[in-house]
Amino acid sequence: MTAAAPQLDSRRGWLVVLAAAASMFSVFGVAYSFGAFFSSMAETFDASSGATALVFSFTVSLSFVLGLHTGRLADRHGPRPVLLFGAASLVIGLVATSRVGSLTVGYLTYAPFVGAAVACGYVPMVAMVGGWFDRLRTTALGVAVAGIGAGTLVGSPLAAALIDRHGWRTTYVLMAVGGGSLMVLAALVATPGPAAVTSPKPRALGELLRIDAFRTLYLATALTTFGLFVPFVFIARYAEEQGISDVAAASLVGIIGGASVIGRLGLGALAGRLGTLRLYLASFITMAASHLLWLGASASFPVLAVYAAVLGLGYGGFIALSPAVVAEIFGLDGLGGVIGTLYTAAAIGSLAGPPVAGVLFDTFGSTTAIVFALALSTGGAIVLAPLLRSNDERELSSARPPTP
């Protein structure tokens with residue numbers, strides 16, 4: 001007697017989805033809570049906005065760069081060992097950062113280790129979910145990446161409350177214990193799906209960039225992430241400078257995360273009806289347009305909350321639909337590696353965006369930094385638009401009867 005082979009779109013697949021969501025909840029709950037630590041760390045180390053923002057930028061950028069490798073490793077060896085390594089990296093990085101005496105050392109303890117944890121807990125898990133589903137793939141991916149939004153929703157306000165009570169150093173230790181434990185539990189469930197395809201020779205960036213559709217996706221992703229990560233670092237500080245309490249200010253990042261959950265689940269479910277690429281472009285446009293609300297918010301917390309919610313909806317769609325778009329265009333062959341390669345574009349935007357915005361913030365004021373985010377995000381939507389037109393033309397051509 002042998003055990004029954006796992007099936008696509010099965011209950012076991014949904015258990016894997018929950019494990020993936022838990023993994024992403026952990027790593028992004030930590031990484032995207034950095035805004036809550038921003039003021040405390042800048043004050044402790046007497047650092048400028050740009051220098052402090054580099055901690056976040058290095059972390060997110062490294063997570064996307066390393067995602068190229070963790071995706072390929074998971075394609076070859078499965079997601080479990082990669083996820084366990086990520087759990088260890090998260091604990092080491094946060095505990096070490098809690099003891100640093102300078103921001104320079106913090107660059108070395110926080111960014112490489114937390115960045116590696118995010119890379120291990122995200123790309124391999126997304127690719128794993130893709131291998132467990134066929135008919136419900138887009139919906140399942142939306143549920144899995146909703147863990148990112150849930151982590152952002154909980155992580156930032158929780159960190160702010162803990163910092164108020166225990167200080168930022170102890171808070172990092174507490175987050176290390178909680179996040180690392182949850183990743184280990186997720187690893188117990190992490191297994192490749194029946195539709196997973198192992199690619200012995202993953203496609204290199206140069207090879208993929210010769211494909212028109214990939215070039216378009218790559219440039220659009222780089223541009224939009226220049227603007228996307230600016231509020232994750234600066235929205236809390238901006239609100240505090242407008243006289244809003246620190247916990248309420250940190251909750252704005254939580255609102256981005258909460259709204260992104262709606263975007264991930266709602267747009268993922270609608271993709272089958274309205275088209276994945278069409279909703280993907282709508283997400284880019286929503287992210288760009290949202291910055292207009294920040295530009296006019298001034299000291300109004302309700303307007304800032306609406307801004308965070310609108311940005312979160314677009315951001316949720318962007319994250320939920322990116323793997324589905326890649327799977328639709330390039331197939332499941334080495335999916336983890338292709339997703340990881342695409343996310344090196346996000347590494348560019350996340351590395352440069354917040355520090356540049358920080359310099360603009362300190363030198364010219366918040367308005368210039370917000371306009372910077374608006375301009376780059378708009379550029380991403382403009383670049384992506386032709387991909388939708390090309391896809392519509394392909395679908396129309398395939399629907400036409402052959403010419404006699």
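The values are calculated or read from the model by the stated rules, or taken from the named source; none is laboratory data. This is a predicted model, so every value here is computed, not measured. When we count neighbours, we look across all protein chains shown, and the Cβ atoms used for this are built from the backbone with ideal geometry, even at glycine.
Observations
- All told, Ser260 falls short of being farther than 18 Å from Leu376 by Cβ, more than 16 Å from the chain's Cα centre (by Cα), modelled with pLDDT under 90 and among the hydroxyl-bearing types (Ser, Thr, Tyr).
- Here the stretch 243-257 is the region considered, the condition is being modelled with pLDDT under 85 and more than 16 Å from Trp168 (Cβ to Cβ), and the residue that is surrounded by the fewest Cβ atoms within 10 Å (Cβ to Cβ) is Gly254.
- Any hit, the stretch 326-337, residues being free of Cβ contacts under 8 Å to residues at least 60 places away in the same chain, surrounded by fewer than 24 Cβ atoms within 10 Å (Cβ to Cβ) and in contact with a Phe, Trp or Tyr (Cβ under 8 Å, 6 or more places away or on another chain): no
- Among the candidates Ile211, Ile244, Ile285, the residue that is β-branched (Val, Ile, Thr), over 20 Å from the mean Cα position of the chain (by Cα) and more than 25 Å from Leu158 (Cα to Cα) is uniquely Ile211.
- A residue that is modelled with pLDDT under 90 and either of a type in the set (A, V, I, L, M) or in a helix (DSSP H, G or I) (or both) occurs nowhere in the stretch 108-121.
- Test: residue in the stretch 378-396 that is at pLDDT 80 or above, in contact with a His (Cβ under 7 Å, 6 or more places away or on another chain), closer than 22 Å to Phe234 by Cα and surrounded by 20 or more Cβ atoms within 10 Å (Cβ to Cβ): no
- Lone qualifier among Thr59, Thr70, Thr104 - being without any contact (Cβ under 8 Å) to a residue 60 or more places away in the chain, surrounded by 24 or more Cβ atoms within 10 Å (Cβ to Cβ) and part of a helix (DSSP H, G or I): Thr59
- Within the stretch 141-160, tally of residues that are surrounded by fewer than 24 Cβ atoms within 10 Å (Cβ to Cβ) and over 15 Å from Ala259 (Cβ atoms): 2
- Residues in the stretch 350-365 that are surrounded by fewer than 19 Cβ atoms within 10 Å (Cβ to Cβ) and not charged (D, E, K, R): Ala352, Val359, Thr363, Phe364, Gly365.
- Flag not set for Gly50, criterion: buried (at least 21 other Cβ atoms within 10 Å of the Cβ), farther than 30 Å from Gly275 by Cα and of a type outside the set (Phe, Trp, Tyr).
- Hey, Gly67 over 17 Å from the mean Cα position of the chain (by Cα) and farther than 19 Å from Met175 by Cβ or not: no
- Single residue of the stretch 74-101 satisfying the filter (touching a Cys at 6+ places or on another chain (Cβ under 9 Å) and either among the acidic types (Asp, Glu) or closer than 21 Å to Pro192 by Cβ (or both)) that is surrounded by the most Cβ atoms within 10 Å (Cβ to Cβ): Pro79
- Gly78 vs. criteria at positive phi and touching a residue at least 24 places away in the same chain (Cβ under 8 Å): yes
- All conditions but one from (1) at pLDDT below 85; (2) more than 22 Å from the chain's Cα centre (by Cα); (3) over 30 Å from Pro192 (Cα atoms) apply to Thr367; the one that does not is (1).
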